[in-house]
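Written below as structure tokens is the structure these notes are about.
Here, each number is a calculation from the coordinates, and none is a lab measurement. Please read these numbers as outputs of a predicted model, since none were measured by experiment. No Cβ is skipped: glycine too gets one built from the backbone with ideal geometry, and neighbour counts run over all protein chains shown.
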């Protein structure tokens, strides 16, 4: 898909596509790293739908040619989620969404932005490192019960 990228607040009508993007990220990134028990728990809990129901109204989304291709969610100085559908990876959507999140975090008066990823996700680590994030800590990822390790990243933000 080509055309300009647009960023906007999520709408209630976006819910199904937001859930689909989160499922896509799970399948393309997380599932290969998880134990069968963790995959079953994910599937039974329908975690993407619960997350979108809880926080989806706070998301900002990227669209291209009318199609929703990615989302970002932050609270305070912490970026909870950045997801771009695998069909739109490396299209600039993640960069544009993070630009917005960082600008809004700085505008809110926070000196830095923080986020987490896991050690196996080297692609996201490279993306964040290229944006100026530095590793601050590592700790067990208890969310997935799969012996994963979470990496905490932080980026000092300039003034808006």
Quick one: compute the contact order of the chain, relative version, from alpha carbon pairs under 8 angstrom and 6+ residues apart, as a percent. 22
Set of segment 86-128 residues, backbone N closer than 12 Å to the point 7 Å along the Cα-Cβ line of residue 149: 118-121
If packing is taken as the average count of other Cβ atoms within 10 Å, what order do 59-70, 114-125 fall into, highest mean first? 59-70, 114-125
Proxy exposure order for 57, 85 (fewest C-beta within 10 Å first) is 57, 85
Please report how far the C-alpha centroid of segment 92-125 lies from that of segment 33-48, rounded to the nearest whole angstrom. 25
